[in-house]
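Since the structure comes first, as structure tokens, the remarks are kept for the end.
The values are calculated or read from the model by the stated rules, or taken from the named source; none is laboratory data. This structure is a prediction, so every number in the text was calculated from the model and none was measured. For neighbour counting, all protein chains shown are included, and Cβ atoms are generated from backbone atoms with ideal geometry for every residue, glycine included. Heavy atoms of the whole protein, side chains included, go into the accessibility calculation; ligands, DNA and RNA do not. Shrake-Rupley method; radii C 1.70, N 1.55, O 1.52, S 1.80 Å.
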Amino acid sequence: MKSDIGDKKDENVAGNGLLHRRALLKASTLGIAGGFLLPAQANLSSIPGAPQSVYGKPSRFTGLQREQTAGHPFGPEAGSSSSPLQSLNGTITPNSLHFERHHAGIPDINPERHSLTIHGDVNQTLKFSYENLLAYPMESHRYFLECSGNSYRNTLPTALDLTAGSLNGLISGAEWTGVPLHYLLDEAGLGKDSSWVIAEGADASGHTRSIPLQLILDTAMVALYQNGEPLRPAQGYPMRLFVPGCEGNISVKWLEAIKVQQTPAYTREETSKYTDLLKDGTAEMFSLGMEVKSVITSPSGTMKLRRKGVYEISGMAWSGARMISAVEVSADGGKTWAEAMLQSDSQTNALTRFRIPWHWSGQPSVLQSRAIDSKGNVQPTRNMALERYSMANYYHYNGIQSWQVDAKGIVKNVYV
Ligand SMILES: Nc1nc2c(c(=O)[nH]1)N[C@H]1C(S)=C(S)[C@@H](COP(=O)(O)O)O[C@H]1N2
Ligand SMILES: [Mo]
């Protein structure tokens with residue numbers, strides 16, 4: 001008897017060649033040329049290789065690098081660099097390629113001269129050295145971090161012909177390890193009416209954010225390790241606040257103070273910035289949660305399909321404070337959809353990888369992905385995502401990314 005999946009293996013499940021997510025693909029259907037010639041290379045099996053190293057780095061053949069956001073008006077220290085999503089796979093971003101966003105450059109902090117002070121509406125002010133913190137019980141979690149300005153380029157009137165990373169790469173995923181902040185706040189003793197904390201970094205930017213106390217007690221940690229090693233300076237070494245599922249800017253890097261208060265501080269960062277201007281002229285403050293979103297990373301912008309045949313469409317999906325329950329993929333610009341396979345165990349506030357096979361027979365196509373989260377939120381189209389906000393708004397764009405594949409196989413960012 002043929003299996004259910006076997007029966008479906010060659011079936012198109014949606015327009016323009018999408019195949020069942022668990023189609024069993026034979027080499028003969030992939031359209032990959034069987035034999036090919038490689039350029040000549042020395043016979044490596046007879047030459048001793050390089051010696052061991054104290055700190056590893058990727059092969060020089062990978063070409064991996066962050067994409068720099070060019071021309072920030074305040075100079076390079078106030079810039080950002082994005083993860084090259086199109087060159088990565090799985091759900092963990094290597095530390096060297098984690099996206100970066102700094103308002104005043106990366107401070108060079110000696111952990112022996114750094115401390116974290118908890119003060120304000122508490123029974124006792126406490127000061128923690130790096131060494132003190134290392135002695136506390138820790139937790140490890142796989143979390144995404146996304147800048148609220150991620151994908152802002154897709155809010156611009158003209159679609160830019162850029163890579164998935166350049167357009168959407170102010171997001172990364174890592175395993176973060178640190179001390180749950182409630183341990184430290186409990187130790188300081190919270191005042192009975194306290195309901196906000198103000199987090200402050202040690203860098204030159206004066207980056208200070210107010211965060212609801214309950215959110216902090218429920219989810220936040222003082223992160224000390226990133227993918228198993230101490231934080232990188234760019235990510236906040238020696239310690240950063242990490243508030244999962246929320247806009248990146250409240251995860252204050254180089255954390256040096258937490259002040260407990262009864263009200264928000266309405267700092268410059270949360271009034272001049274990180275406030276969302278809506279279409280009706282009102283503004284939304286403390287819109288901290290990140291919405292349901294996904295992006296196809298392969299095939300994606302500026303790539304070229306060099307053969308006809310079966311490709312694996314793959315990408316990442318995420319949603320703040322929720323899990324990803326499904327990702328649907330379309331190859332015909334959203335007319336028909338098929339369900340992709342979720343390939344990592346879906347976890348709250350973590351990246352989820354999705355995959356689906358696609359038969360490209362040379363037909364012009366528009367590839368899209370649409371994520372659905374555990375609260376039933378569905379990722380909106382670009383038009384729907386822009387609907388709520390003023391044209392001047394820059395933050396929290398989560399519209400569907402469309403990649404056009406033309407008859408020559410060239411992949412390009414488009415608006416549909
Ligand atoms: N102290 C401090 N914390 C900061 C910032 C900063 O400039 N200074 N940038 C914020 C912004 S806008 C984002 S998106 C994240 C970026 O974190 P990453 O560079 O580790 O990716 O850090 C946040 N925390
Ligand atoms: Mo950000």
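Some points to look at:
- Neighbours by Cβ (under 9 Å, 6+ apart or cross-chain): first from region 188-205, farther than 15 Å from residue 117 by Cβ; second open to solvent by 10 Å² or more (accessible area, probe 1.4 Å) and basic (Lys, Arg): 196/259; 203/253
- Subset of region 234-243 that is assigned to a loop (DSSP other than H, G, I, E, B) and open to solvent by less than 10 Å² (accessible area, probe 1.4 Å) - its residue that is nearest to residue 321 (Cα to Cα): 243
- Members of region 93-107 found to be out of contact with any Asp or Glu (no Cβ under 7 Å at 6 or more places or on another chain), more than 6 Å from ligand 1 (Cβ to nearest atom) and hydrophobic (A, V, I, L, M, F, W, C), listed by number: 97, 106
- Residue pairs meeting the criteria (Cβ under 8 Å; at least 6 apart or on separate chains; first under 15 Å from residue 287 (Cβ atoms) and open to solvent by less than 20 Å² (accessible area, probe 1.4 Å), in region 379-397; second part of a loop (DSSP other than H, G, I, E, B) and small (Gly, Ala, Ser)): 385/399; 396/148; 396/287; 397/151
- Annotation note: of 400, 356, the sole residue that is crowded, with 21+ Cβ neighbours inside 10 Å, in a loop (DSSP other than H, G, I, E, B) and among the aliphatic types (A, V, I, L, M) is 400.
- Any hit, region 117-127, residues being closer than 30 Å to residue 262 by Cα, at pLDDT 95 or above and either within 16 Å of ligand 2 (Cβ to nearest atom) or small (Gly, Ala, Ser) (or both): yes
- Residue 407 being under 28 Å from residue 310 (Cβ atoms) and in a strand (DSSP E or B): no
- Test: residue in region 142-156 that is away from ligand 2 (no atom under 16 Å from the Cβ) and small (Gly, Ala, Ser): no
- Restricting region 161-183 to residues that are in contact with a Ser or Thr (Cβ under 8 Å, 6 or more places away or on another chain) and open to solvent by 10 Å² or more (accessible area, probe 1.4 Å), the residue that is farthest from residue 395 (Cα to Cα): 177
- Flag if residue 187 is open to solvent by 10 Å² or more (accessible area, probe 1.4 Å), assigned to a strand (DSSP E or B) and not hydroxyl-bearing (Ser, Thr, Tyr): no
- Some residue of region 216-238 being aromatic (Phe, Trp, Tyr), more than 14 Å from ligand 2 (Cβ to nearest atom) and at pLDDT 95 or above: yes
- The residues of region 244-271 that are away from ligand 1 (no atom under 13 Å from the Cβ), over 16 Å from residue 197 (Cβ atoms) and in a loop (DSSP other than H, G, I, E, B) amount to a single one, 245.
- Where residue 150 falls short, out of the listed (1) more than 16 Å from ligand 1 (Cβ to nearest atom); (2) closer than 27 Å to residue 413 by Cα; (3) crowded, with 16+ Cβ neighbours inside 10 Å: (1)
- Scanning region 211-233 for residues that are of a type in the set (D, E, K, R) and within 21 Å of residue 92 (Cβ to Cβ), we see that the one that is least open to solvent (accessible area, probe 1.4 Å) is 229.
- Residue in region 188-206 that is at negative phi, within 16 Å of ligand 2 (Cβ to nearest atom) and out of contact with any strand residue (DSSP E or B) (no Cβ under 7 Å at 6 or more places or on another chain) present: yes
- Candidates in region 244-279 are the residues that are within 14 Å of ligand 2 (Cβ to nearest atom) and among the acidic types (Asp, Glu); of these, the one that is surrounded by the most Cβ atoms within 10 Å (Cβ to Cβ) is 247.
- Selection from region 63-80 of residues that are loosely packed, with under 10 Cβ neighbours inside 10 Å and either over 19 Å from residue 104 (Cβ atoms) or at pLDDT 95 or above (or both): 63
- Qualifying positions in region 133-146 - open to solvent by 20 Å² or more (accessible area, probe 1.4 Å) and within 16 Å of ligand 1 (Cβ to nearest atom): 141, 142, 143
- Screening residue 337 with (1) open to solvent by 20 Å² or more (accessible area, probe 1.4 Å); (2) among the aromatic types (Phe, Trp, Tyr); (3) touching a helix residue (DSSP H, G or I) at 6+ places or on another chain (Cβ under 8 Å) gives one miss only, at (3).
- Residue in region 157-187 that is nearest to ligand 2 (Cβ to nearest atom), counting only those that are among the aliphatic types (A, V, I, L, M) and closer than 30 Å to residue 132 by Cβ: 174
- Residue that is most open to solvent (accessible area, probe 1.4 Å) [pool: residues in region 97-116 that are in contact with a helix residue (DSSP H, G or I) (Cβ under 8 Å, 6 or more places away or on another chain) and within 16 Å of ligand 2 (Cβ to nearest atom)]: 106
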